[in-house]
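Here is the structure we will look at.
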Amino acid sequence: MTAAEKRLNAIRELLAHVRERLGLDVGFVLWDGSVVPIDLSPNAFALVIADEGALAALIRRPKIDTLLNIIVTARVALRNGTIFDLLAQRPRVRTKQALKALDKKLALKTAIRFLFVPRGGPWPLEAVRGDLARRDGSEQTNQKNIQFHYDLSNEFYALFLDPEMVYSCAYFAEPHDDIARAQRDKLDMICRKLRLKPDETFLDIGCGWGALPIHAALNYGVRANGVTLSDQQYSYAVAKVARLGLQDRVTIKLMDYSRLDGEFDKIASVGMFEHVGGRNYPQYFMTIHRLLKAQGFYLHHAIARPAKGTDREFSRNYSKEARAVARYIFPGGELDHIGMSAANLERHGFEVHDIEGWREHYARTTRLWHDRLLASQAAADREVGAIKARLWLVYLAGVSIGFERGRVGIFQTLASKRRRGASGVPLSRVDLYR
């Protein structure tokens with residue numbers, strides 16, 4: 001028996017052992033076409049390992065970067081199911097208890113057989129280092145980081161977003177899977193929280209493809225302004241404004257928020273703050289304060305991490321998943337915690353009125369995005385390439401799972417400039433939820 005045959009026999013034995021001890025209802029397809037269990041149906045949910053080098057690489061370096069590289073190159077893939085199905089197979093006991101149930105001697109003997117097997121390739125993500133992106137807050141740096149993420153292709157984003165191209169957490173007034181309805185409800189909720197009125201000036205910082213300023217102008221009669229640093233978003237939004245004949249009501253600019261002049265009655269920042277970076281928070285909130293009129297409202301919509309014992313511990317304690325997102329998806333990105341957001345608003349002259357958590361809304365939103373992209377995977381492969389498309393499927397699934405498990409949250413915070421007397425916010429918000 002050759003060494004390669006011995007490795008195949010060993011891994012088959014180990015995988016059968018793992019399935020039995022952990023009670024997993026998932027099969028395995030190995031690089032020679034053999035399956036575990038031996039009676040695995042072609043229609044069964046299974047993990048496919050395309051070559052032994054992928055397994056060897058994981059054994060030698062069991063890191064998230066290794067796993068992502070072999071997933072995006074399809075050296076490890078799922079058949080007849082998704083990441084969500086795989087996670088549903090996790091043992092019902094704690095990890096430590098699950099490990100105790102396994103034969104460690106068998107696992108070690110199997111791993112040793114793969115220690116010197118070449119890892120193979122390719123490894124396309126090794127050259128991607130978004131985690132080294134600068135966070136100096138300059139317009140040039142901000143634009144470079146934003147374009148890395150948003151200028152993939154408008155057609156790619158259209159494959160999984162709603163018809164209005166809203167790329168932020170949707171709002172589900174009740175459980176349903178209509179992403180278009182949920183995004184319309186979100187846009188409307190923002191406008192109602194801001195108490196938009198006809199002919200008020202409204203600013204959307206990080207306006208994306210223009211959905212919010214257009215919605216506000218069409219449905220609330222405001223004079224809306226949006227800014228973005230993405231060339232493709234800007235071109236799309238300007239064309240949409242012209243197509244709808246809203247040039248006299250909506251203005252879209254390709255520029256950094258910090259260079260804006262003038263004052264606005266209402267300001268929203270929806271899914272933009274994550275790109276600012278901690279060291280630039282003071283400049284950000286001072287800019288919002290400068291741009292907002294004395295009687296105006298500001299809506300702050302941002303993803304946040306749970307707080308730690310101290311802010312110093314918080315700033316150092318980034319999960320491996322968060323680091324991977326910064327490296328491959330969102331260069332220059334950084335999350336605060338909701339207490340930090342509220343404190344920064346107060347430090348810079350704002351009064352906080354409402355904070356609403358939307359964690360479960362974003363878990364559902366990102367799950368729907370994942371499912372829509374998966375359904376259009378062939379088109380996504382053609383648009384941005386198979387590697388990028390697979391990376392985004394993993395990203396969207398991982399984000400949805402993170403929100404579902406409470407590892408990350410998202411909050412809408414309404415604030416105004418601090419002043420004496422009435423704030424202008426109604427004593428009751430019951431009208432928002434009727």
With a 1.4 Å probe and all protein chains left in place, how much of the accessible area of segment 336-434 comes from carbon and sulfur atoms, in whole percent? 49 percent
Gyration tensor verdict on the chain (Cα atoms; rounded if a/c is under 1.5, prolate if a/b is larger than b/c, oblate otherwise): prolate
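Given a Förster radius of 51 Å and the C-beta distance between Met286 and Lys96 as r, what FRET efficiency does 1/(1 + (r/R0)^6) yield to the nearest 0.05?
With R0 = 51 Å, the Cβ-Cβ based efficiency is 0.60.
Shape call for segment 286-434 from the C-alpha gyration tensor, a ≥ b ≥ c root eigenvalues: rounded (a/c under 1.5), prolate (a/b greater than b/c) or oblate? Intermediate results must be reported in sequence, preceding the final value.
Numbers: a/c = 2.31, a/b = 1.77, b/c = 1.31.
In terms of gyration-tensor shape, prolate.
Tell me the carbon and sulfur percent of the accessible area for segment 1-142, rounded to whole percent, probe radius 1.4 Å.
Using a 1.4 Å probe with all protein chains present, segment 1-142 comes out at 57 percent carbon and sulfur.
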Solvent-accessible area per residue, Å², over the chain with all protein chains present [probe radius 1.4 Å]: 48 Å²
Taking every eigenvalue of the Cα gyration tensor of segment 165-295, multiplying by 5 and rooting it, what semi-axes result, largest first, whole Å? 22, 18, 16
Classify segment 181-232 as rounded, prolate or oblate from the Cα gyration tensor: take a ≥ b ≥ c as the square roots of its eigenvalues, call it rounded if a/c is under 1.5, otherwise prolate when a/b beats b/c and oblate if not. oblate
Once the Cα atoms of helix 104-114 and of the chain are each reduced to a long axis, what angle between those two axes, in degrees from 0 to 90 to the nearest 10, is obtained? 90 degrees
In segment 125-219, if every C-alpha pair distance is counted and binned at 5 Å from zero, what percent goes to each bin? 2, 11, 18, 17, 16, 15, 12, 6, 2, 1, 0
Relative to the longest principal axis of the C-alpha atoms of the chain, give the angle of the C-alpha long axis of helix 139-150, reported between 0 and 90° and rounded to the nearest 10°. 50 degrees
Taking the Cα atoms only, what angle lies between the long axis of helix 338-347 and the longest principal axis of the chain, rounded to 10 degrees? 30 degrees
Among Ala173, Phe114, Leu67, whose Cα sits farthest toward the positive end of the charge dipole of the chain (+1 at Cβ of Lys/Arg, -1 at Cβ of Asp/Glu, about the Cα centre)? Phe114
Top mean-square fluctuation among Ile214, Ile252, Ile387, Gaussian network model of the chain, C-alpha springs under 10 Å? Ile387
Once Lys and Arg get +1 and Asp and Glu get -1 on their Cβ, which of Tyr318, Phe160, Gly208 lies farthest toward the positive end of the dipole of the chain? Tyr318
When the Kirkwood radius is taken over all Cα pairs of segment 248-324, what Stokes-Einstein diffusion coefficient follows at 37 °C and 0.692 mPa s, in µm²/s? 221 µm²/s
Binned at 5 Å starting from 0, the alpha-carbon pair-distance distribution of segment 1-55 in whole percents comes out as 4, 19, 31, 25, 15, 5, 1
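The values are calculated or read from the model by the stated rules, or taken from the named source; none is laboratory data. Since we're looking at a predicted model, the values are computed, not measured. A quick note on method: Cβ atoms are made from the backbone with ideal geometry, for glycine too, and the neighbour counts reach across all protein chains shown. For the accessible areas, the whole protein counts, side chains as well, though only heavy atoms, and no ligand, DNA or RNA atoms are used. Shrake-Rupley method; radii C 1.70, N 1.55, O 1.52, S 1.80 Å.
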